[in-house]
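Structure, as structure tokens:
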Amino acid sequence: MKPKIFISQPVPEKVEQYLREHCEVKEWRGEDRIPRETLLQEIANVEGLLTAWHKIDEELLAAAPNLKVVSNVSVGYNNFDVEALRGRNVIGTNTPYVLDDTVADLTIALMLATARRIAELDQYVKAKKWEPVKDEALFFGVDVHHATIGIIGMGRIGEAVAQRAKFGFNMDVLYHNRSQKPEAEKKYEAEYCELPDLLRRADFVVMLTPLTEETHHLLGEQEFKQMKKSAIFVNVSRGQTVDELALITALQNGDIYGAGLDVFQKEPIEKDNPLLEMSNVVTVPHIGSATAQTREAMAMRAAQNIVSVLQGKGAIDPVYK
Ligand code: DGY
């Protein structure tokens, strides 16, 4: 008999086929995201759950006594209560490696879009406001090439950003990380810095650290004040790594030049969030890994994790040992 699993969100056909070969699959087919209560009912008899974003906590685990594995279609797994998973002997998995380049591409895109005011000037042209102007400085932005990037969180995605920054844009690379990375230092001529030093020196401060208790609100009022007034802040990690009110204040006070944001304190962002009114802020709806190719690769990796665990071979990408 095949093990029962539940898929809480759509996956590409190829991935669904693969899962059906190995498991008895039930999936959510509703128009909207599955409501929490329905999810709890659906997982009552399953051994595997393929999901993303849903809070995986004691309540959910208690509702699924047969559960052996929860596979997140995401590299970040801050939606997991890891201690609750460990306590119930349920394996949690994520999808590292397959999204590194795609997230790094978006990071660079946000740097460029903010520095060269792409979103703001796109709106200007499309609003049919483009007339001959006396002073072209109206359209000026700032250079990305040969500037200094400060990467907070030098994991695989951080390295993919460093590679693009160093070799694509001739940037000087500074980084801050839990531990020093001698290999990365060699490859990208990257310099390890304590956080205040990085903030003082970087033209682009790029947040790529996972959200943990240690990184929650890692940047707040004091940190934004330490940055250059010309600095551009880019966040592609999680909104909660930053005190968003402090970021808003820093932008309002001109403590920094602008921000490119993929992630927010609350997602979807509240309609009255002041960030939405700022022309020097570029916003996108948490699309770090959102390309068709990468999302398929992530879903397949998540599927392989489930199958591997349910076949007794262990997880490929366990989030705890
Ligand atoms: C992840 O996988 O954690 C990314 O945030 C998705 O874009």
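The values are calculated or read from the model by the stated rules, or taken from the named source; none is laboratory data. Keep in mind that this is a model prediction, so the values were computed, not measured. Please note: Cβ atoms are built from the backbone with ideal geometry, for glycine as well, and neighbour counts cover all protein chains shown. Protein only, heavy atoms only, side chains kept; ligands, DNA and RNA dropped before computing areas. Shrake-Rupley method; radii C 1.70, N 1.55, O 1.52, S 1.80 Å.
When the test is whether a residue is part of a loop (DSSP other than H, G, I, E, B), closer than 24 Å to residue 141 by Cβ, away from the ligand (no atom under 16 Å from the Cβ) and among the polar types (S, T, N, Q), residue 230 passes it.
State whether one or more residues within region 250-260 are among the aromatic types (Phe, Trp, Tyr), out of contact with any Lys or Arg (no Cβ under 9 Å at 6 or more places or on another chain) and farther than 22 Å from residue 85 by Cα.
Of all residues in region 250-260, those among the aromatic types (Phe, Trp, Tyr) come to 257.
Filter once more, keeping what is out of contact with any Lys or Arg (no Cβ under 9 Å at 6 or more places or on another chain): none.
The answer is no; no qualifying residue exists.
Of the residues 70, 11, which is modelled with pLDDT of 95 or more, assigned to a loop (DSSP other than H, G, I, E, B), more than 22 Å from residue 266 (Cα to Cα) and of a type outside the set (D, E, K, R)? Spell out the reasoning first.
On the way: 70 fails: assigned to a loop (DSSP other than H, G, I, E, B).
Checking each option against the conditions leaves just 11.
Of all residues in region 302-321, count the ones that are part of a helix (DSSP H, G or I) and either in contact with a Phe, Trp or Tyr (Cβ under 6 Å, 6 or more places away or on another chain) or open to solvent by 30 Å² or more (accessible area, probe 1.4 Å) (or both). Walk me through it before giving the result.
Of the residues in region 302-321, the ones part of a helix (DSSP H, G or I) are 302-310.
This time we only want the ones that are either in contact with a Phe, Trp or Tyr (Cβ under 6 Å, 6 or more places away or on another chain) or open to solvent by 30 Å² or more (accessible area, probe 1.4 Å) (or both), so: 303-304, 310.
So the count comes out to 3.
If you filter region 302-321 down to residues that are out of contact with any helix residue (DSSP H, G or I) (no Cβ under 9 Å at 6 or more places or on another chain) and within 22 Å of residue 12 (Cβ to Cβ), you find that the one that is nearest to the ligand (Cβ to nearest atom) is 305.
When 236, 173 are checked against the criterion of being within 16 Å of the ligand (Cβ to nearest atom) and of a type outside the set (Phe, Trp, Tyr), a single residue qualifies: 236.
Considering only residues in region 258-301 that are among the aliphatic types (A, V, I, L, M) and assigned to a loop (DSSP other than H, G, I, E, B), the one that is farthest from the ligand (Cβ to nearest atom) turns out to be 278.
Considering the conditions (1) surrounded by 13 or more Cβ atoms within 10 Å (Cβ to Cβ); (2) free of Cβ contacts under 8 Å to residues at least 60 places away in the same chain; (3) hydrophobic (A, V, I, L, M, F, W, C); (4) out of contact with any strand residue (DSSP E or B) (no Cβ under 7 Å at 6 or more places or on another chain), residue 62 is excluded by exactly one of them, (1). Against the list (1) within 19 Å of residue 159 (Cβ to Cβ); (2) in contact (Cβ under 8 Å) with a residue 60 or more places away in the chain; (3) away from the ligand (no atom under 16 Å from the Cβ), the condition residue 206 fails is (3).
Which ranges mark the helices (runs of 4 or more DSSP H) fully within region 139-214 that have 2 or more residues being open to solvent by 30 Å² or more (accessible area, probe 1.4 Å), farther than 16 Å from residue 231 by Cβ and modelled with pLDDT of 95 or more?
Details: elements: 156-169, 182-188, 195-201.
In region 139-214, 156-169, 182-188 are the helices (runs of 4 or more DSSP H) which contain 2 or more residues that are open to solvent by 30 Å² or more (accessible area, probe 1.4 Å), farther than 16 Å from residue 231 by Cβ and modelled with pLDDT of 95 or more.
Picking from 92, 76, which residue would you name as being within 16 Å of the ligand (Cβ to nearest atom), touching a residue at least 24 places away in the same chain (Cβ under 8 Å) and closer than 30 Å to residue 203 by Cα?
Numbers: 92 fails: closer than 30 Å to residue 203 by Cα.
Within the list 92, 76, the selection yields 76.
Test residue 26 against the stated conditions and say whether it is surrounded by fewer than 17 Cβ atoms within 10 Å (Cβ to Cβ) and either among the basic types (Lys, Arg) or touching a helix residue (DSSP H, G or I) at 6+ places or on another chain (Cβ under 7 Å) (or both).
Values: surrounded by fewer than 17 Cβ atoms within 10 Å (Cβ to Cβ): yes; either among the basic types (Lys, Arg) or touching a helix residue (DSSP H, G or I) at 6+ places or on another chain (Cβ under 7 Å) (or both): yes.
Considered against the rule, which asks whether it is surrounded by fewer than 17 Cβ atoms within 10 Å (Cβ to Cβ) and either among the basic types (Lys, Arg) or touching a helix residue (DSSP H, G or I) at 6+ places or on another chain (Cβ under 7 Å) (or both), residue 26 comes out as yes.
Within region 165-194, residues that are within 13 Å of residue 154 (Cβ to Cβ) sit with their Cβ atoms under 7 Å from residues that are among the aromatic types (Phe, Trp, Tyr) and open to solvent by 20 Å² or more (accessible area, probe 1.4 Å), at 6+ positions apart or across chains, in these pairs: 175/192; 180/192; 185/192. Residue count for region 36-53 satisfying the condition of being open to solvent by 40 Å² or more (accessible area, probe 1.4 Å), more than 26 Å from the chain's Cα centre (by Cα) and closer than 21 Å to residue 315 by Cα: 2.
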